[in-house]
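*Asks:* I'd like to ask you about the structure that follows.
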Amino acid sequence: MDKFIINGPTPLRGSIAISGSKNAALPLMAAAILGDSPTTIRLVPKLKDIYTFNNVIRVTGTSVQFDEEYNSLTIDSGNLGFAEAPYELVRKMRASFYMLGALMGKTGEAKVSLPGGCAWGPRPVDLHLKGLEAMGADIRLEKGYVMGSFPGESVPGGVYELNPSSVGATVNLILAAVRRAESFTIKNAAKEPDVVLLCDTLAKMGANIKGAGTDTITIQRVESLKGIETSNDPDRIETGTYMIAAAMHPESSLTLTGCKPKDLGSFPDQLRKTGAVVTINNDTIQVDAPESIKPVSIETQIYPGFPTDLQAQWATLMTQAEGTSKISDNIYFDRFSYVPELKRLGANLSVKENCVTVSGPSKLSGTSVMSTDLRASVSLVMAGMIADGETEVLRVYHLDRGYEDLEDKLNQSGSSITREDGD
Ligand code: UD1
């Protein structure tokens, strides 16, 4: 397993090009399966989760061609003959569960493995399944697999209210409904940009979807969907991660290009409260670090609130703030595996229920720490970049799931990060 050796402290100066979004690409790839002709998606990042999903899709007989030079992915479900997603692949990445909606929408039935647990808790899929039943589908659980089918060519549909709002369930229900439900309404639907992009893309393919970006989405059945050429969106979590990283060292001044600032919701304003200067100009965002960082407490919320996927990075920034801040996660209540690792670097944090209290500023000094999940891993890399001396971050394979060319991008902006073999 690869590890990173990071020498710090180093400021970030220069420019980083933002990659395509992982979490937006995955629903688009599932949507492409629904088309009656091939779909090409541009701006697809070269990430482990994308390769995993390519393989999940290929199991069905669907052709997937990834032109890595141009980050362009073509999916052709013309030869789809096997509507299954096996445990061996689904357990590697939860979003493989999107195959349930995509395959039921395409063929009328599917057999998809339940995804199992995850590093920070149980992460259920009950809403996906109850929503499909509300649509009129038959759902059975058998030996760890979900067997889903529609009783006829189409079902009348209905209304289902998600509680809590869920990105994954919204995506799965849309995928299943577009070609099968006469009329289906999702209440308390996810408003995340990833869902809006999915709806816009399906609409280009011929789907009839109203209300994307609001909390009520209504889908009316269409007989067929055509393949299209389309583009993925830039990664808002990668953007937010580098914005936070740029605020951590007083000499940092970082420009991010190819961003979609609108997708960041309330996040840039939160970062400004720390004293960082955030300048947005079309698709470019510049962050100039403050002389001293003001403590800013945050609570994660659904979009456009503060994203849970930036919570660990924010806690890392707060270790350098002049005072105490509180970080509450209202989406996932125990996503704090990074806390003991940051403590090993010298940070002062404590966890109570779903809230981390951070007392800063702490002088961090390099040592060995271990990655436990994607966002926790990147927060440890960021801590290593401002810690004195050498920090060793073990098990960086988590990072390879979600950050394209992370060490190259950061090294070009002044960091010293080396990838080595070994654990
Ligand atoms: C997606 C993102 C993930 C992000 C999360 C929240 C992808 C691939 N992943 O995950 O990076 O952290 O949104 O923004 O896009 N819930 C249920 N029952 C369900 C489904 C969800 O109770 O059937 C709960 C979850 O436990 C959680 C909340 O709903 O508390 C939101 O989860 P959800 O939006 O579904 O997250 P994912 O789609 O899995």
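*Asks:* Can you list the chymotrypsin sites (Phe, Trp or Tyr not before Pro) in the stretch 327-356 that are in a DSSP coil and have 13 or fewer other beta carbons within 10 angstrom?
*Replies:* Here the sparse-neighbourhood loop sites are Phe333.
*Asks:* In the stretch 45-104, what chymotrypsin sites (Phe, Trp or Tyr not before Pro) fall in a loop by DSSP, with at most 14 other Cβ atoms inside 10 Å? Don't jump to the answer; show the numbers that get you there.
*Replies:* Values: sites: Tyr51, Phe53, Phe66, Tyr70, Phe82, Tyr87, Phe97, Tyr98; in loops: Phe82.
Taking the stretch 45-104 and a limit of 14 other Cβ atoms within 10 Å, the loop chymotrypsin sites (Phe, Trp or Tyr not before Pro) found are Phe82.
*Asks:* Mind pulling the angle between the C-alpha long axis of helix 48-58 and the longest principal axis of the chain? Nearest 10 degrees, somewhere in 0 to 90.
*Replies:* In the chain, helix 48-58 runs at an angle near 10 degrees to the longest axis.
*Asks:* Hey, another quick one. Once the dipole of the chain is set up with Lys and Arg at +1 and Asp and Glu at -1 on Cβ about the Cα centre, which of Leu197, Phe66, Ala207 lies farthest towards its positive end?
*Replies:* It is Ala207, whose Cα lies furthest towards the positive end.
*Asks:* A further question follows. By how many degrees, between 0 and 90 and to the nearest 10, does the Cα long axis of helix 22-33 differ from the longest principal axis of the chain?
*Replies:* Once rounded, the angle reads 10 degrees.
*Asks:* Okay, next question. Which of the GluC sites (Glu not before Pro) found in the stretch 330-423 are loop residues per DSSP with 15 or fewer other Cβ atoms within 10 Å of their Cβ?
*Replies:* Listed in order of number, the matching sites are Glu353.
*Asks:* Can you give me the Kirkwood hydrodynamic radius for the chain, using every pair of distinct Cα atoms, in Å to one decimal?
*Replies:* 21.9 Å
*Asks:* Would you kindly give the portion of the calculated P(r) for the stretch 1-146 that falls above 18 Å, as a percent of all Cα pairs?
*Replies:* Details: 6468 of 10585 pairs.
Beyond 18 Å sits 61 percent of the P(r) for the stretch 1-146.
*Asks:* Rounded to the nearest 500, what is the 222 nm mean residue ellipticity of the chain from helices alone, with -39500 (n - 2.57) per DSSP H run of 4+ residues and division by all residues? Don't skip to the end; give the middle numbers.
*Replies:* Values: 14 runs with 126 residues, N = 423.
For the chain, the value works out to -8500 deg cm²/dmol.
*Asks:* Below 12 angstrom from the Cβ of Ile57, what's the summed charge of the other residues (Lys, Arg +1; Asp, Glu -1)?
*Replies:* Working: positive: Arg58, Lys106; negative: Asp76, Glu84.
Result for the neighbourhood of Ile57: 0.
*Asks:* Among Lys92/Lys130; Lys92/Lys363; Lys48/Lys326; Lys22/Lys294; Lys92/Lys273; Lys130/Lys326, which pairs are too far apart, with a Cα-Cα distance over 27 Å?
*Replies:* Among Lys92/Lys130; Lys92/Lys363; Lys48/Lys326; Lys22/Lys294; Lys92/Lys273; Lys130/Lys326, the Cα-Cα distance tops 27 Å for Lys92/Lys363; Lys48/Lys326; Lys22/Lys294; Lys92/Lys273; Lys130/Lys326.
*Asks:* Continuing with the same structure: Could you pull out every residue, at least 5 positions away or on a different chain, whose amide H is within less than 5 Å of the one on Val155? Hs are placed 1.01 Å off N in the peptide plane, and Pro or chain starts have none.
*Replies:* Ala181, Glu182
*Asks:* Then there's this: Based on alpha-carbon positions alone, could you give the equivalent ellipsoid semi-axes of the stretch 316-401 from the gyration tensor, as √(5λ), descending, whole Å?
*Replies:* Those come to 19, 17, 9 Å.
*Asks:* Quick check: Cα centre of the stretch 371-416 to Cα centre of the stretch 261-317, how many Å?
*Replies:* About 19 Å separates the Cα centre of the stretch 371-416 from the one of the stretch 261-317.
*Asks:* Here's another thing I want to ask about it. I'd like the orientation of helix 126-135 relative to the chain: the angle between its Cα long axis and the longest Cα principal axis, in ° from 0 to 90, rounded to 10.
*Replies:* Roughly 30 degrees between the two axes.
Throughout, read-outs are computed from the coordinates displayed, never taken from laboratory work. Quick caveat: nothing in here was measured; it's all calculated off a predicted structure. All Cβ positions, even for glycine, are placed from backbone atoms using ideal geometry, and neighbour counts span all protein chains on display.
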